[in-house]
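Input: a single structure, listed below in structure tokens.
The values are calculated or read from the model by the stated rules, or taken from the named source; none is laboratory data. Computed from a predicted model, the values in this text were never measured in an experiment. Don't worry about glycine lacking a Cβ; one is built from the backbone with ideal geometry, like all the others, and counts go over all protein chains shown. In case anyone asks, the SASA skips ligands and DNA or RNA and just uses the protein heavy atoms, side chains included. Shrake-Rupley method; radii C 1.70, N 1.55, O 1.52, S 1.80 Å.
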Amino acid sequence: MKSTPFLDRLPLRDALFLGFCAGAIIVCKILFRWHLGISGHAMFFTLIGLMVARSCVSFRWGATLTGVLAGLMAMTLGLGKGGPLILTKFVVPALVIDGALLLFPMALWSVATCIVVALLAGSTKFFLSWVQGIFLGMDSTVVVQRAAIDGVGSLIFSLLAALCVPSLLRQLKARGVIRDSTR
Amino acid sequence: MKRKNVDALFMVAPILETPRTRINIPAGVHLFITIVLSSSAFLVRDVQWISTMIAVNLGWMAVCGVPWRQLKRLVRPFAMQTVMLLALYGFKQGQQGVLPAVQVSLQLMLTLMPPIVLSWCVPASQMARTFSRWMPDQAAFVLSASLHFFPMVLSEWRILYQAQQLRGVPLSWKQLWRPWHWRLVLRCLVVPAVVIAMSLAHEIALAARARNFRSGKRSCWMEEI
Amino acid sequence: MASRNRDGTSMAEWNITSNPDRAVVLKLEDFSFSYQAAQPILSRINLTIRAGECHCLCGATGQGKSTLALAMKGLLDEGTQEGCVHNSARRHEGDLPFAAVGLVLQNPETQLFARNVGAEVAFGLENEGIDPAHMRSRVESALAQVNLNLPLCTPVNQLSMGQKYRLLVASVLVLQPQVLILDEPVAQLDEEGQQQLVRVVRRLLQQGIAVVLCEHDPHPFADLIDHYWTLYQGGRLASGRLFGEASVAPEREEASNAPTSDEVVVAAENLSVGYGEKTLWTGGAFTLRCGEKMLVCGDNGCGKSTLMQTLCGFLSPRHGELRVLGHCPSPQLLQGSALLLMQNPHKQLTETSVWEELSMSHRLAGHSRCDCRQACEQVLEQCGISHLKDASPHQLSYGQRHLVALASVLVARPRVLLMDDPFAGLDSVCRQRVHRLIDQYCQQGMAVICVSHESGDHDMIFDQVFAIYGGRFEAQER
């Protein structure tokens, strides 16, 4: 299959870095599943991984590509509660992050805007859970209640991730990992 | 190996590479069967069909030689979902809600069974090659190279984690429960971990380019196992 | 900018007129490179390489040898370049400009892309889009060139480091280069591996392939080298080689210099280590006292790093007894008392200035803040890097970063220092400095356990030397 032009603009180094971020998301998901087991905790690592990946690489679909790679890795390892739908658990929040950064490129560098982006990305869990419930033929009220329960946990962990990310990015910038051109 | 604290994080590396093929089915076909079986869980709506699908999935597990102990992975999500759904349906429909709650829980479990079989039978590298058939060349290479080199990244992170823990950074589970330690963890573990990942990605990309890697059409070594 | 010759005919003419006997295959003319204008990495380099010649680029660590190797392969894509890299090594119309310059980088592990030998060698052919039907013969021929007679389905992870390195050379040779550049080959290989590689290089030279070695310690290749070049500070390249650059054996310190006390720091009895179901070695028995230095040598993968992890308490011994500072080792108990220096220690640097790095280590080790300033200044001075205290460790040269990492460990005043291959990749000047520092701190009572893949000349400064060979941990005769 011929390479699509937009991927050609992504240097191999950056692409591999995105792959490693995807791997890190999966490994954290595996590890903390054993120890925490709190609903929505995976969103913390997912968002940190996606936001760091997007910020360190000057590729406007960096988070989405990381999400796709993480989803494919999760599928190969049989992770998650969504079966083949697990891809969407990573890709949809990633699309939200990329979309937000297209409109506001500096959004992740301030805590307030980062919280807004993270909450938007975290809220995708609500919609995914809602769609899954509809497909399973659940009662309409139960669908909304279940999605809300899933979504609240996810939003709490998204908030925690948003508190960490700006400081993390500033430290990465100080160490030369993120350059002005990347931002 | 005795697992100690967060060090267990790095012990998952082998599962990325361990081949456990039991039957001789191409990975693509296996993936297709998995998607069909998982998707069918969304279509079945009565007890009879759900029972049939559970039997089909168990039969598929047996055919593939997946040990029954793998089903233990389903117990926790199934139990959590069942409790939640029983509470929600019970709140709305009373005793009549028990059956639909259990039914939906079983449907959710049916979506999870085929991926367990897939991950047991098809090693990650083979799966990556299968995905790569439908992906652009560079994306396919990135996926397989990320999986191939990720154990190396994990090993570097493990040594970093160990060095920082000995240095005095609070990294044990007990210490990690105290939020005021997180800032130090971010600074002494997460930041260097990102630096290590970036530097390894740089080295690997350079090595690929030194062997004339470029974006565009590549051919394929036919004898790759 | 690097000139990219697109006309194969004119290039051939240039070669013939340049030297009818030995064609010029690579030529650098006034080539300069820098990331920042004020700090040139390479400055006005003039270098001509002819077919069948063996050149050796020497120079201290961090002087730009690897950068020059990348420039010759056309892989420098950041920074500013001036001057020309003439490259006659294109074989076919439509080839990449530098397709016939082969480059093997320093770390073999990051260059192995496939799971088996055949696929690894074929990786370059895949990149060039070669018809799969033509691959097998070329792969077999390249493997024969490096004396690697293995089935093509042999898993790469079963090879020794020497075999892996030759596999990489084959992976480059399969692309039919006219110039082969090897970046720091000696540091990666044990003696056997080095001898095998020397034989391969000799054969390649006889076949008319030019070889460029970027190496600060090229003694195994001494018979083959036609020209020595040295890179100096500021990126200047001069013909010849500095004698100081040669590997200098450290002088054996008199035993009386080491003020060892009777306090046992590490004691092992009938120790076996391993992980999973696997036991890597057995029969470990040693006692290390305050102020003593111990070296453990062994091939890659023999269990040296596993020993380090066991000593730190991250792995439990499989059998036998191990006591570190009087306890069964555990990371919590050893925090601040036993410190670990990674193989590439700069990777464990976390702060944005050398001073912050040291003060952070001092603080984490639990020492009083009042002593911090004095302790950091003292260690910086001992390491000879006082002038770098405000610099960012991430922007220093390899050798300087190595010293910063060592300083950040020493400032914590550990009772035991565990070092994983601390001399790898260091030039002789840096090595001497590291030797001196270790010695100085051991005289103050610190015990050192060092693992390395080569005993080399380093065993001269150690009080005890052990080797892991054939699954046994054995003391070495001194």
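Against the definition (in a loop (DSSP other than H, G, I, E, B) and either touching a Ser or Thr at 6+ places or on another chain (Cβ under 6 Å) or open to solvent by less than 10 Å² (accessible area, probe 1.4 Å) (or both)), how does C:ALA122 come out, yes or no?
Working: in a loop (DSSP other than H, G, I, E, B): no; either touching a Ser or Thr at 6+ places or on another chain (Cβ under 6 Å) or open to solvent by less than 10 Å² (accessible area, probe 1.4 Å) (or both): yes.
It is false that C:ALA122 is in a loop (DSSP other than H, G, I, E, B) and either touching a Ser or Thr at 6+ places or on another chain (Cβ under 6 Å) or open to solvent by less than 10 Å² (accessible area, probe 1.4 Å) (or both).
Could you tell me which numbered condition B:TRP221 fails, if it satisfies all but one of (1) surrounded by fewer than 21 Cβ atoms within 10 Å (Cβ to Cβ); (2) free of Cβ contacts under 8 Å to residues at least 12 places away in the same chain; (3) assigned to a loop (DSSP other than H, G, I, E, B)?
So the condition that B:TRP221 fails would be (1).
Got at least one residue in the stretch A:20-39 being at pLDDT 90 or above, touching a Leu at 6+ places or on another chain (Cβ under 6 Å), part of a helix (DSSP H, G or I) and more than 21 Å from B:PRO123 (Cα to Cα)?
Narrowing the stretch A:20-39 to residues at pLDDT 90 or above: A:20-25.
From what's left, touching a Leu at 6+ places or on another chain (Cβ under 6 Å): A:22.
Those left that are additionally part of a helix (DSSP H, G or I): A:22.
Imposing the further condition that a residue be more than 21 Å from B:PRO123 (Cα to Cα) reduces the set to none.
The answer is no; no qualifying residue exists.
Looking at C:GLN176, C:GLN196, which one is in a helix (DSSP H, G or I), open to solvent by 10 Å² or more (accessible area, probe 1.4 Å) and not basic (Lys, Arg)?
Numbers: C:GLN176 fails: in a helix (DSSP H, G or I).
Unique residue meeting the criteria: C:GLN196.
Quick check on B:GLN175: is it more than 12 Å from chain A (Cβ to nearest Cβ), in a helix (DSSP H, G or I) and either at pLDDT 90 or above or buried (at least 21 other Cβ atoms within 10 Å of the Cβ) (or both)? It would help to see each step written out before you state the result.
Details: more than 12 Å from chain A (Cβ to nearest Cβ): yes; in a helix (DSSP H, G or I): yes; either at pLDDT 90 or above or buried (at least 21 other Cβ atoms within 10 Å of the Cβ) (or both): no.
Against the criterion (more than 12 Å from chain A (Cβ to nearest Cβ), in a helix (DSSP H, G or I) and either at pLDDT 90 or above or buried (at least 21 other Cβ atoms within 10 Å of the Cβ) (or both)), B:GLN175 does not qualify.
Considering only the stretch C:284-358, give the strands (runs of 3 or more DSSP E) lying wholly within it that have at least 2 residues that are over 20 Å from B:PRO170 (Cα atoms), out of contact with any strand residue (DSSP E or B) (no Cβ under 8 Å at 6 or more places or on another chain) and open to solvent by 10 Å² or more (accessible area, probe 1.4 Å).
Once the strands (runs of 3 or more DSSP E) in the stretch C:284-358 are filtered for at least 2 residues that are over 20 Å from B:PRO170 (Cα atoms), out of contact with any strand residue (DSSP E or B) (no Cβ under 8 Å at 6 or more places or on another chain) and open to solvent by 10 Å² or more (accessible area, probe 1.4 Å), nothing remains.
Go over the candidates B:GLY65, B:GLY94 one by one and state the one that is free of Cβ contacts under 8 Å to residues at least 40 places away in the same chain and either more than 8 Å from chain A (Cβ to nearest Cβ) or crowded, with 16+ Cβ neighbours inside 10 Å (or both). Walk me through how you get there before you give the answer.
Numbers: B:GLY65 fails: free of Cβ contacts under 8 Å to residues at least 40 places away in the same chain.
Just a single option satisfies the conditions, and that option is B:GLY94.
Can you find a residue in the stretch C:159-170 that is open to solvent by less than 20 Å² (accessible area, probe 1.4 Å), over 22 Å from B:ALA145 (Cβ atoms) and at pLDDT below 90?
yes
Show me the helices (runs of 4 or more DSSP H) entirely contained within the stretch A:81-177 in which 2 or more residues are surrounded by fewer than 20 Cβ atoms within 10 Å (Cβ to Cβ) and among the aromatic types (Phe, Trp, Tyr).
Numbers: elements: A:86-103, A:111-122, A:124-135, A:140-174.
It comes to A:124-135.
Let's see how each residue does on (1) free of Cβ contacts under 8 Å to residues at least 24 places away in the same chain; (2) touching a strand residue (DSSP E or B) at 6+ places or on another chain (Cβ under 8 Å); (3) open to solvent by less than 20 Å² (accessible area, probe 1.4 Å); (4) more than 14 Å from chain B (Cβ to nearest Cβ):
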| position | (1), (2), (3), (4) |
| --- | --- |
| C:ARG373 | yes, no, no, yes |
| C:CYS383 | no, no, yes, yes |
| C:ARG413 | no, no, no, no |
| C:ARG433 | no, no, no, yes |
| C:ILE438 | no, yes, yes, yes |
| C:GLU454 | no, yes, no, yes |
| C:TYR469 | no, yes, no, yes |
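In the stretch B:132-168, how many residues are touching a residue at least 40 places away in the same chain (Cβ under 8 Å) and part of a loop (DSSP other than H, G, I, E, B)?
1
Report, by residue number, each residue of the stretch B:140-154 that is open to solvent by 10 Å² or more (accessible area, probe 1.4 Å) and either within 7 Å of another protein chain (Cβ to nearest Cβ) or closer than 21 Å to C:LEU406 by Cα (or both).
Of everything in the stretch B:140-154, those that are open to solvent by 10 Å² or more (accessible area, probe 1.4 Å) and either within 7 Å of another protein chain (Cβ to nearest Cβ) or closer than 21 Å to C:LEU406 by Cα (or both) turn out to be B:HIS148, B:MET152.
Anything in the stretch C:372-401 that is among the polar types (S, T, N, Q) and part of a helix (DSSP H, G or I)? List them, or say none. Talk me through it step by step, then tell me what you get.
Filtering the stretch C:372-401 down to residues among the polar types (S, T, N, Q) leaves C:374, C:378, C:382, C:386, C:392, C:395, C:397, C:400.
Residues satisfying the conditions are C:GLN374, C:GLN378, C:GLN382, C:SER386, C:GLN395, C:GLN400.
So, in the stretch B:104-123, how many residues would count as being part of a helix (DSSP H, G or I) and either under 13 Å from A:MET75 (Cβ atoms) or within 13 Å of the chain's Cα centre (by Cα) (or both)? Quick ask: steps written out before the conclusion?
Residues of the stretch B:104-123 part of a helix (DSSP H, G or I): B:104-121.
Still in the list and also either under 13 Å from A:MET75 (Cβ atoms) or within 13 Å of the chain's Cα centre (by Cα) (or both): B:111-112, B:114-120.
Result for the stretch B:104-123: 9.
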